[in-house]
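The values are calculated or read from the model by the stated rules, or taken from the named source; none is laboratory data. None of these values were measured; they are calculated from a predicted model. Quick reminder, even Gly has a Cβ in these numbers, built from the backbone with ideal geometry, and neighbours come from all protein chains shown. When the accessible area is computed, the model is the full protein with side chains, heavy atoms only, and any ligands, DNA or RNA have been set aside. Shrake-Rupley method; radii C 1.70, N 1.55, O 1.52, S 1.80 Å.
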Amino acid sequence: FVIQAELNITLKGAFNCCQAVIPGMLESGGGKIVNMSTIFADSPPPSQARYVIAKSALIGLTRSLAVEYADKNIRINMVEPSIVATDLSAGAILPKGGEPMGRAATPIDVARAIIFLSSSHSDYTTGQKIMVTGGRPPFL
(Lines give C-alpha, C1' and ligand atoms only; values in the text may rest on other atoms or scores of the structure.)
Protein backbone atom coordinates (compact mmCIF):
# COMPACT_ATOMS: atom_id res chain seq x y z
CA PHE A 1 0.00 0.00 0.00
CA VAL A 2 1.09 3.55 -0.67
CA ILE A 3 1.58 5.61 2.46
CA GLN A 4 3.65 8.55 1.24
CA ALA A 5 0.69 10.91 0.77
CA GLU A 6 -0.55 10.21 4.31
CA LEU A 7 2.96 10.70 5.73
CA ASN A 8 3.33 13.97 3.81
CA ILE A 9 0.15 15.36 5.33
CA THR A 10 0.28 14.00 8.86
CA LEU A 11 3.96 13.67 9.71
CA LYS A 12 5.75 16.02 7.34
CA GLY A 13 3.08 18.70 7.84
CA ALA A 14 3.53 18.63 11.61
CA PHE A 15 7.33 18.46 11.27
CA ASN A 16 7.35 21.51 8.98
CA CYS A 17 5.11 23.45 11.38
CA CYS A 18 7.37 22.59 14.33
CA GLN A 19 10.45 23.51 12.31
CA ALA A 20 8.86 26.88 11.49
CA VAL A 21 7.86 27.87 15.04
CA ILE A 22 10.59 26.41 17.27
CA PRO A 23 13.25 29.04 16.37
CA GLY A 24 10.90 31.82 17.49
CA MET A 25 10.06 29.92 20.65
CA LEU A 26 13.76 29.53 21.42
CA GLU A 27 14.26 33.29 20.95
CA SER A 28 11.29 34.16 23.17
CA GLY A 29 12.18 31.72 25.94
CA GLY A 30 9.66 28.96 25.32
CA GLY A 31 6.33 27.99 23.91
CA LYS A 32 3.81 25.23 23.43
CA ILE A 33 2.97 22.95 20.54
CA VAL A 34 -0.07 20.67 20.47
CA ASN A 35 -0.20 17.99 17.79
CA MET A 36 -3.34 16.04 16.90
CA SER A 37 -3.26 12.27 16.81
CA THR A 38 -6.04 9.70 17.23
CA ILE A 39 -6.91 6.82 19.52
CA PHE A 40 -6.73 4.63 16.45
CA ALA A 41 -2.92 4.78 16.67
CA ASP A 42 -3.28 2.74 19.88
CA SER A 43 -6.28 0.68 18.77
CA PRO A 44 -6.12 0.33 14.98
CA PRO A 45 -9.29 -0.32 12.99
CA PRO A 46 -9.16 -2.62 9.98
CA SER A 47 -8.19 -1.21 6.58
CA GLN A 48 -6.62 1.96 8.00
CA ALA A 49 -2.92 1.04 7.99
CA ARG A 50 -1.76 4.22 6.20
CA TYR A 51 -3.59 6.45 8.67
CA VAL A 52 -2.40 4.48 11.71
CA ILE A 53 1.22 4.42 10.50
CA ALA A 54 1.26 8.18 9.93
CA LYS A 55 -0.37 8.99 13.28
CA SER A 56 1.99 6.60 15.07
CA ALA A 57 4.93 8.40 13.48
CA LEU A 58 3.46 11.70 14.70
CA ILE A 59 3.41 10.34 18.24
CA GLY A 60 7.12 9.52 17.88
CA LEU A 61 7.88 12.99 16.54
CA THR A 62 5.96 14.65 19.38
CA ARG A 63 7.70 12.67 22.09
CA SER A 64 11.15 13.05 20.53
CA LEU A 65 10.84 16.81 20.18
CA ALA A 66 9.37 17.07 23.70
CA VAL A 67 12.49 15.47 25.16
CA GLU A 68 14.82 17.46 22.90
CA TYR A 69 13.33 20.84 23.84
CA ALA A 70 12.17 20.25 27.44
CA ASP A 71 15.11 22.17 28.89
CA LYS A 72 14.37 25.07 26.53
CA ASN A 73 10.89 25.61 28.05
CA ILE A 74 9.15 24.31 24.95
CA ARG A 75 6.32 21.93 25.79
CA ILE A 76 5.17 19.59 23.02
CA ASN A 77 2.14 17.40 23.61
CA MET A 78 -0.74 15.87 21.69
CA VAL A 79 -4.47 15.37 21.86
CA GLU A 80 -5.90 11.99 20.82
CA PRO A 81 -9.65 12.04 20.32
CA SER A 82 -11.89 9.17 19.38
CA ILE A 83 -14.54 9.84 16.74
CA VAL A 84 -15.46 13.54 16.66
CA ALA A 85 -18.89 14.62 15.42
CA THR A 86 -18.01 16.54 12.24
CA ASP A 87 -19.08 16.42 8.61
CA LEU A 88 -16.10 14.15 7.95
CA SER A 89 -17.25 11.54 10.48
CA ALA A 90 -20.97 11.72 9.65
CA GLY A 91 -20.87 8.32 7.91
CA ALA A 92 -18.52 6.66 10.41
CA ILE A 93 -19.70 3.41 11.89
CA LEU A 94 -19.44 3.48 15.66
CA PRO A 95 -18.11 0.37 17.39
CA LYS A 96 -20.44 -2.25 18.82
CA GLY A 97 -21.93 -0.92 22.02
CA GLY A 98 -21.56 2.68 20.86
CA GLU A 99 -19.79 5.34 22.84
CA PRO A 100 -19.83 4.98 26.66
CA MET A 101 -21.11 8.55 27.06
CA GLY A 102 -23.77 7.94 24.44
CA ARG A 103 -22.33 10.39 21.93
CA ALA A 104 -19.25 11.13 19.88
CA ALA A 105 -16.85 13.85 20.99
CA THR A 106 -17.64 17.36 19.80
CA PRO A 107 -15.09 19.79 18.39
CA ILE A 108 -15.52 21.77 21.65
CA ASP A 109 -14.54 18.69 23.69
CA VAL A 110 -11.32 18.45 21.69
CA ALA A 111 -10.70 22.21 21.83
CA ARG A 112 -10.87 22.16 25.64
CA ALA A 113 -8.03 19.63 25.78
CA ILE A 114 -5.99 21.79 23.39
CA ILE A 115 -6.67 24.87 25.52
CA PHE A 116 -5.48 23.03 28.63
CA LEU A 117 -2.23 21.98 26.95
CA SER A 118 -1.75 25.53 25.65
CA SER A 119 -2.28 27.10 29.07
CA SER A 120 -0.07 27.60 32.11
CA HIS A 121 -1.95 24.73 33.80
CA SER A 122 0.18 22.30 31.77
CA ASP A 123 3.59 23.92 32.28
CA TYR A 124 5.10 20.70 33.69
CA THR A 125 3.59 18.49 30.99
CA THR A 126 5.53 17.56 27.88
CA GLY A 127 5.64 14.54 25.58
CA GLN A 128 2.21 13.45 26.74
CA LYS A 129 -1.13 12.76 25.13
CA ILE A 130 -4.56 13.65 26.37
CA MET A 131 -7.18 11.14 25.35
CA VAL A 132 -10.59 12.65 24.54
CA THR A 133 -12.62 9.46 24.34
CA GLY A 134 -15.71 9.74 26.50
CA GLY A 135 -14.71 6.53 28.27
CA ARG A 136 -13.87 4.53 25.16
CA PRO A 137 -10.64 2.52 25.27
CA PRO A 138 -7.72 2.59 25.00
CA PHE A 139 -7.03 3.68 28.55
CA LEU A 140 -3.68 5.05 29.71
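At a glance:
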| quantity | calculated |
| --- | --- |
| Residue selected from the stretch 1-49 under the condition acidic (Asp, Glu) and under 16 Å from ILE59 (Cβ atoms), by the criterion least open to solvent (accessible area, probe 1.4 Å) | GLU6 |
| Listing of helices (runs of 4 or more DSSP H) fully contained in the stretch 1-115 that carry 2 or more residues being modelled with pLDDT of 95 or more | 13-28, 49-69 |
| Residue check for GLY24: in contact with a strand residue (DSSP E or B) (Cβ under 6 Å, 6 or more places away or on another chain) and not aliphatic (A, V, I, L, M) | no |
| Cβ pairs under 9 Å, 6+ apart, first in the stretch 23-48 and among the hydroxyl-bearing types (Ser, Thr, Tyr), second open to solvent by 40 Å² or more (accessible area, probe 1.4 Å) and outside any helix (DSSP H, G or I) | SER43/PRO137 |
| Scan of the stretch 50-68 for residues that are closer than 19 Å to ILE114 by Cβ and buried (at least 21 other Cβ atoms within 10 Å of the Cβ), ordered by number | LYS55, LEU58, THR62, LEU65 |
| Test: ILE74 is of a type in the set (A, V, I, L, M), more than 21 Å from LEU140 (Cα to Cα) and open to solvent by less than 20 Å² (accessible area, probe 1.4 Å) | yes |
